[in-house]
Amino acid sequence: MTEKLPEYKIFAIRYATRDARRADHFVGGDPHDGPMPMDYFTWVVVGPERVFLVDTGFTAETAARRKRQFLRCPIESLRHLRIEPGEVTDVILTHLHYDHVGNFHKLPNAHFHLQEREIAFATGRQARYPYFGHGFEVEDIVGMVRLNFAGRVEMYNGDVELAPGVTLHFAPGHTAGLQVVRVHTQRGNVVLASDASHYYENIQTSRPFIAVVDIADTFDSFRKIERLADSSHHIIPGHDPLVMQQYPAPSPVLQDIIVRLDADPAR
Ligand SMILES: [Zn+2]
């Protein structure tokens with residue numbers, strides 16, 4: 001008999017935003033061009049026994065350099081959830097792009113879980129090409145190498161269970177070693193797709209986001225995510241402002257800052 005899986009809460013922290021247009025977000029552009037802003041998130045998975053931070057966002061300095069509108073430090077924002085940064089022991093990195101792995105230095109007691117293929121690519125021969133290299137901050141990548149030498153990076157090759165009800169799934173395409181996170185919640189299995197699908201529309205209309213390492217893998221990862229999630233309403237894209245509109249804030253003071261993804265979305 002299988003034991004009943006624990007139910008986790010999931011919080012999305014919106015920490016930055018930028019204006020953009022529809023044509024910026026789809027391979028081949030979009031015939032109906034118009035505004036399509038991009039939000040930036042980190043996610044927190046809270047279980048009865050363990051807490052997992054999923055991605056760490058970027059710093060105010062990186063935001064200024066890349067002209068993103070920085071709203072709040074994603075690590076400081078953990079305190080809204082009564083989590084001290086020094087208490088975080090497990091960070092899942094979906095991939096190593098600058099908007100997902102900055103701030104690692106603010107988590108002194110964390111171990112970082114990522115796919116070996118991701119760091120192999122980011123330290124490999126093709127990172128020299130600006131098309132790929134632009135998505136990484138070299139200091140983030142060097143920082144991960146240092147953390148690995150300090151014994152604080154857990155690397156995987158493929159799908160893995162981190163805890164009962166929290167599993168990592170290899171879903172490459174946007175990057176070489178991207179992983180998504182499946183979490184068991186009160187409403188079933190939710191998949192944090194991160195940049196395997198930046199927007200709902202990428203996966204729903206099978207149109208990959210414009211930044212891509214392998215377009216064929218991207219399509220396969222769309223289908224894998226659909227199999228992993230209990231329904232299309234259980235898939236959380238990585239950058240879609242609709243997430244903030246569809247899910248409730250955990251309390252009125254956290255409106256527009258944090259939403260709960262283990263709650264049912266508004267339809
Ligand atoms: Zn990315």
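The values are calculated or read from the model by the stated rules, or taken from the named source; none is laboratory data. Source: prediction; values computed, not measured. Every residue, glycine among them, receives a Cβ derived from its backbone with ideal geometry; neighbour counts consider all protein chains shown. The protein model used for the area step is the full one, side chains on, heavy atoms only, and it has no ligands, DNA or RNA in it. Shrake-Rupley method; radii C 1.70, N 1.55, O 1.52, S 1.80 Å.
For the chain, the mean residue ellipticity at 222 nm estimated from helices alone is -5500 deg cm²/dmol, where every DSSP H run of n ≥ 4 contributes -39500 (n - 2.57) and the total is divided by all residues, rounded to the nearest 500. Around the amide H of V54, modelled in the peptide plane, lie the amide H atoms of W43, V44, V45, I92, all under 5 Å away and 5 or more residues distant in sequence or on another chain. Would you work out if the stretch 1-89 is rounded, prolate or oblate? Take a ≥ b ≥ c from the square roots of the eigenvalues of the alpha-carbon gyration tensor; rounded if a/c is under 1.5, else prolate when a/b is larger than b/c, oblate otherwise. Since a/c reaches 1.5 but b/c is at least a/b, the shape of the stretch 1-89 is classed as oblate.
Relative contact order of the stretch 109-183: 35 percent, from C-alpha pairs under 8 Å at least 6 residues apart in sequence. When only Cα pairs below 8 angstrom with a gap of at least 6 residues are kept, the chain shows a relative contact order of 19 percent. A 1.4 Å probe over all protein chains sorts S232, S251 by accessible area into S232, S251, starting with the largest.
For the chain, the per residue solvent-accessible surface stands at 45 Å², with DNA, RNA and ligands left out and a 1.4 Å probe.
Ligands, DNA and RNA aside, Y200 has an accessible area near 20 Å² when probed at 1.4 Å. Shown for the stretch 92-183: the carbon plus sulfur share of the solvent-accessible area, taken with all protein chains present and a 1.4 angstrom probe, equals 54%.
Charges at C-beta only: +1 for Lys and Arg, -1 for Asp and Glu. How large is the resulting dipole of the chain about its Cα centre, in Debye rounded to 20? Using only the charged Cβ atoms, the result is roughly 340 debye.
For the stretch 199-267, give the percent of accessible area contributed by carbon and sulfur heavy atoms, probe 1.4 Å, rounded to a whole number.
Values: 1750 of 3260 Å².
The C+S portion of the solvent-accessible surface of the stretch 199-267 is 54 percent.
From the square roots a ≥ b ≥ c of the eigenvalues of the alpha-carbon gyration tensor of the stretch 110-198, which class results: rounded (a/c under 1.5), prolate (a/b over b/c), or oblate? Because a/c hits 1.5 or more and a/b fails to exceed b/c, the stretch 110-198 counts as oblate. Can you give the alpha-carbon Rg of the chain over 2.2 N^0.38 Å, where N counts its residues? With N residues counted in the chain, Rg over 2.2 N^0.38 Å equals 0.93.
Remark on I83: its backbone amide H falls under 5 Å from none of the residues 5 or more positions apart or on other chains, H modelled at 1.01 Å from N. Ranking S206, F58, Q179 by how far each Cα lies toward the positive end of the dipole of the chain (charges on Cβ) leaves F58 at the top. Computed over protein heavy atoms with a 1.4 angstrom probe, the accessible surface ordering of K224, K67, largest first, is K67, K224. Once you reduce the stretch 132-184 and the stretch 52-115 to the center of their Cα atoms, the two points are 13 Å from each other.
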